[in-house]
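Since the structure comes first, as structure tokens, the remarks are kept for the end.
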Amino acid sequence: MSNRRSFLGFGLGGVAVIAGLRQLLNVSPHEWNEAISRKLLRPFKLAATFPAARAREPRANGQVGLENELETWQLNVASPDGARTLSLTDLQAMPHVSMTTELMCVEGWSEVVSWKGTLLRNLAPANAPEYVSLSTPDESYYVGLDLESALHPQTLLAWEMNGQPLTPEHGAPLRLVIPVKYGIKNIKRIGSIQFSSQRPADYWHERGYDWYAAL
Ligand SMILES: Nc1nc2c(c(=O)[nH]1)N[C@H]1C(S)=C(S)[C@@H](COP(=O)(O)O)O[C@H]1N2
Ligand SMILES: [Mo]
């Protein structure tokens, strides 16, 4: 009985301590929930993979930022350490991986797709800051990622879909594949990548979707 009472006492005290800590740190309940999901739930989760034979052509969905010429394409990568420019040949010379994962759109459809590319983490500087921002060459579509998701072992800069080079409507020459997130974060035709300490703007977050868009 006395054990149970002290347990209850600690429980209520614990709640008060957490509420007090949150006030002390001056974060809103919303920010607090985001912090919890960042630290506890997502970073270690692997998305399901499938046999390559299950792969199909996904719907070509969302064409924002895909109108530009491709001839002059290059990838600009910036971080506090400096900036550099990479060609597709440079990227294809990096270690690459293949994976078959599910692309899940917030509109309610999904498709199993095979991809080939290099991990986004291969472009990250040592001691990368907390966020990564990716945008199309014309900057009309842009995605923000938390660093844990950007460095995730299934977060891919892909140039091949189902054994073929990416077509323009699927994001040629280079797109993001991030199967721990909804389709909205899988930005097609990446023109620039920036590692930064400010939480980046995000096209669909500005239109009411959750910034993390985690599955
Ligand atoms: N540049 C760009 N990337 C984008 C979009 C877009 O409109 N523009 N739409 C997103 C959405 S909502 C989805 S579901 C996926 C669809 O990828 P797919 O067309 O290859 O199936 O691309 C994502 N990447
Ligand atoms: Mo989507």
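The values are calculated or read from the model by the stated rules, or taken from the named source; none is laboratory data. Fair warning: this is a prediction, and the values are worked out from it, not measured in the lab. Backbone-built Cβ (ideal geometry, glycine too); neighbour counts: all protein chains shown. Side chains are part of the model used for accessible areas, which takes the heavy atoms of the whole protein and leaves out ligands, DNA and RNA. Shrake-Rupley method; radii C 1.70, N 1.55, O 1.52, S 1.80 Å.
Inspect the stretch 116-138 for any residue being free of Cβ contacts under 8 Å to residues at least 24 places away in the same chain, within 13 Å of ligand 1 (Cβ to nearest atom) and at positive phi and give the result as yes or no.
Checking the stretch 116-138: not a single residue is free of Cβ contacts under 8 Å to residues at least 24 places away in the same chain, within 13 Å of ligand 1 (Cβ to nearest atom) and at positive phi.
Could you list, in sequence order, all residues of the stretch 182-194 that are surrounded by fewer than 23 Cβ atoms within 10 Å (Cβ to Cβ) and more than 9 Å from ligand 1 (Cβ to nearest atom)?
Gly191, Ser192, Gln194
Among the listed residues Glu148, Glu139, Glu130, Glu111, identify the single one that is in contact with a helix residue (DSSP H, G or I) (Cβ under 6 Å, 6 or more places away or on another chain) and of a type in the set (Asp, Glu).
Just one listed residue meets the conditions, Glu130.
Given the conditions (1) within 16 Å of ligand 2 (Cβ to nearest atom); (2) surrounded by fewer than 21 Cβ atoms within 10 Å (Cβ to Cβ), which single one is not true for Gly171?
For Gly171, the failing item is (2).
Pick from the stretch 140-160 the residues that are open to solvent by 20 Å² or more (accessible area, probe 1.4 Å) and part of a strand (DSSP E or B): which of them is farthest from ligand 1 (Cβ to nearest atom)?
Glu160
What is the number of the single condition among (1) in a strand (DSSP E or B); (2) within 14 Å of ligand 1 (Cβ to nearest atom); (3) over 14 Å from Lys188 (Cβ atoms) that Val113 does not meet?
Tallying (1) in a strand (DSSP E or B); (2) within 14 Å of ligand 1 (Cβ to nearest atom); (3) over 14 Å from Lys188 (Cβ atoms), Val113 fails exactly one: (3).
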